[in-house]
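Below is one structure, written out as structure tokens; comments come after it.
The values are calculated or read from the model by the stated rules, or taken from the named source; none is laboratory data. Computed from a prediction, not measured in an experiment: that's the story for all the values here. Virtual Cβ from ideal backbone geometry, glycine too; neighbours counted across all protein chains shown. Accessible surface is based on the protein model in full, side chains and every heavy atom, while ligands, DNA and RNA are left aside. Shrake-Rupley method; radii C 1.70, N 1.55, O 1.52, S 1.80 Å.
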Amino acid sequence: MASNAATLREDSLGQTQRRDLWWVQPVAMAAAFIAFIIYATYRGLANADYMYGHGTGKLPESAYFLSPFYSPLLALPSWLPAWLGPAIFVMWMPAGFRLTCYYARRAYYRALFADPPACAVAEMCKKNYKGERGVWIFQNLHRYFLYLAMLLVLMHVYHVVEACRWPAEGGGMRFGVSVGTLVIAVDLLFLSLYVFSCHSLRHLVGGRLDCFSGSSGESRYKLWRCCSALNEHHGKYFWLSLFTVGFADFYIWMVASGRIHDLRLF
Amino acid sequence: MAEEAILHIYRGNNDKGEMVEYRVPVQPGMVVLDAVHAVQAMYSPDLAVRWNCKAGKCGSCSGEVNGKPRLMCMDRMDKYPAGEPIVIRPIKSFPVMKDLATDVSWNYRVNKKIPPFQMKPVATSLRDADAKSAGSESRRDSATAEPRFSQEEADRVQEFRKCIECYLCQNVCHVLRDHEKHEEFGGPRFFVRVASLEMHPLDCGDRLELVKDQLGLGFCNITRCCTEVCPEHIHITDNAIIPLKERVVDRFYDPIKKLLRIVFPKA
């Protein structure tokens, strides 16, 4: 059906008539994805320096801090091999949410699979294309990962509250904030924005309805409007939350390993 | 002396063609379609190009300018560097009839597959209708008996009515452009049309099986090129394709909903 005119051919990867720097975005995204995957895999398998504060044996004078990669912290049975840390049993949830995210799909289909690398640019493999009908049909489970991600957001709220409870000199706890508290609070903010701007959530709260009238319809319309407003920036929140979650883990790693000191602000 | 634009325009048909260079004077406010018309006037009256309104509202003058799908009447010449050739080609996903005119009749055949608007049965009274607002019966004004729905409900489907059928989204969609799935895939334009009907508060038609099986919604891997090229700035991916994908998941892929339908068939 498509034109066969000889001069219109786009047969091999990257062939295009475009003259702009179309390759910059997919290359930058591929670099960001690969860097994050390598870092998260290393930290998930490291099984060390992922928490500090009272009750952890490290920096007992500090509030309790836990890396977001290890949240919620699972108590594993002793018969498991030592290299199987708690992160392995937790990270599949946020990883699954991000892997099946509608924005992320656009980003990694373009950046990692060049399918297509950019609009009106020839792609890598033209044979046996099945889109999301073949092996990628599991993307349809995104809503279940959403439910898990919402639970993880609740866990992050708990960790931010814990990061504000510092041991007092005379015993007991008192309110306090350090740079670390701000780091995980910012991570919570962007993670929440990312999760609550999800396309599946937008569908579940009201998008699935055709009529917004009636007793529950109006409230669901308001929810749908809120979700839609956030949804417009879903891609930005994806990248910001990816950065903040990685940075929060890095900060806790650095403090827990004694390389830097967590400055208490008040 | 007026500045000169160098145009490389595709001349030929679907089987044989070449790029031909033309030079035309550039006038202030000129768009690419004006330059093509200048070529017709100065050198080649037989140059085929489809156009109508010159205001970005008829969707006739779709083409590829320097490799980017655009409406030629909305593409200003002054954004291209002076002295560099501007390459103008017909849209790639459809057969070339002559020069810049393509045969887009495939789209009309796809359109015929989509069942048109089907009015919900009339509610017996306004109070009944309010009670069944999310149900299958439509609401009517008590005085005029005209069907009615809220502005909020209208706003959502109104966006889809902005489509001018320029087929730039169909052209740039890699499922059609690269994989040539014209037999199995409907393309973004028709997902927009299905969404406008499926989300209409007074429509009772069911097109989800059609959109999944015959229009091949699963082939779409939501790379958003359709949204990027839409001259009407319709959020094709976010507001039409993804909501349709979610409705298809509701019906066909959600294991818990499937189980609930087996246990509670009437609900």
Write down the Kirkwood hydrodynamic radius of the protein assembly as shown, to one decimal in angstroms, obtained as one divided by the mean of 1/r over all alpha carbon pairs. 26.5 Å
Computed over region B:170-265, protein heavy atoms only, probe 1.4 angstrom, the accessible area per residue in square angstrom equals 33 Å²
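Output the relative contact order of chain A, whole-number percent, from Cα pairs under 8 angstrom with separation of 6+ residues.
Normalised by residue count, the contact order of chain A is 23 percent.
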Which cross-chain or sequence-distant (5 or more) residues have an amide H under 5 Å from the amide H of B:Thr102, H modelled 1.01 Å from N in plane? B:Met97
Per-residue Cβ counts within 10 Å, from other chains only, averaged over B:75-81: what number is that? 0
Here the net charge surrounding B:Leu71, from other residues whose Cβ is less than 15 Å away from its Cβ (Lys, Arg +1; Asp, Glu -1), is +4
So what J values fall out for region A:133-141 if you push phi through Karplus, 6.51 cos²θ - 1.76 cosθ + 1.60 with θ = phi - 60°, rounded to Hz, Gly and Pro as x? 9, x, 5, 7, 5, 5, 4, 5, 8
Of the trypsin sites (Lys or Arg not before Pro) in region A:111-180, those whose Cβ has at most 13 other Cβ within 10 Å and which sit in DSSP loop: A:Lys127
For region A:54-71, 3J(HN,Hα) per residue [Karplus equation, 6.51 cos²θ - 1.76 cosθ + 1.60, θ = phi - 60°, Hz, x = Gly/Pro]: 4, x, 10, x, 10, 6, x, 7, 9, 5, 7, 10, 10, 4, x, 5, 10, 9
5 angstrom amide H check on A:Val177, placed H, neighbours 5+ away: A:Leu265, A:Phe266
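If you roll a 1.4 Å probe over the heavy atoms of the protein chains, what accessible area per residue do you get for region B:4-102, in Å²?
43 Å²
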For region A:178-195, in residue order, the Karplus 3J(HN,Hα) values (coefficients 6.51, -1.76, 1.60; θ = phi - 60°; whole Hz; Gly and Pro = x) are 10, 4, x, 4, 5, 4, 6, 5, 5, 4, 4, 4, 6, 5, 5, 4, 5, 5
Could you provide, to the nearest whole Å², the per residue accessible area of region A:52-104 with probe 1.4 Å? 44 Å²
Mean per-residue count of partner chain Cβ within 10 Å for B:240-250 equals 4
Please report the carbon-and-sulfur percent of the accessible area for chain A; probe 1.4 Å, protein heavy atoms only, DNA, RNA and ligands left out. 68 percent
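Which net charge results when you count Lys and Arg as +1 and Asp and Glu as -1 among the other residues whose beta-carbon is under 10 Å from that of A:His203?
With Lys, Arg at +1 and Asp, Glu at -1, the neighbours total +3.
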Listed peptides B:246-259, B:189-202 by packing density, highest first (mean Cβ within 10 Å): B:189-202, B:246-259
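In the neighborhood of B:Asn171, defined by Cβ-to-Cβ distances under 9 Å, what is the net charge if each Lys or Arg adds +1 and each Asp or Glu adds -1?
+1
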Quick test of your reading: applying the under-4.7 Å Cβ rule, which cysteines of chain B are isolated? B:Cys61, B:Cys73, B:Cys163, B:Cys166, B:Cys173, B:Cys204, B:Cys220, B:Cys230
Accessible area of region B:4-102 with a 1.4 Å probe: how many percent of it is carbon plus sulfur? 52 percent
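For Cα pairs less than 8 Å apart in space and 6+ apart in sequence, what is the mean separation divided by the residue count of chain B, i.e. the relative contact order in percent?
For chain B, the relative contact order is 15 percent.
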Could you let me know the centre-to-centre spacing of region B:1-23 and region B:75-112, using Cα atoms, in angstrom? 13 Å
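When the Cα atoms of region B:4-102 are enclosed in a convex hull and the volume is divided per residue, what value in Å³ results? Numbers along the way, then the final one.
Working: hull volume 9.0 nm³, N = 99.
Output value, Cα hull per residue: 91 Å³.
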When the Cα centres of region A:144-187 and region B:235-267 are compared, how far apart do they sit, in Å? 36 Å
Taking each residue in A:118-131, count the Cβ atoms of any other chain within 10 Å of its Cβ, then average. What number comes out? 6
Checking an interface number: how much accessible area is buried between B and A, summed over both chains, with a 1.4 Å probe, in Å² rounded to 100? 5400 Å²
Any residue on another chain or 5+ positions along whose placed amide H is under 5 Å from the amide H of A:Gly14 is listed here as A:Ala122, A:Glu123
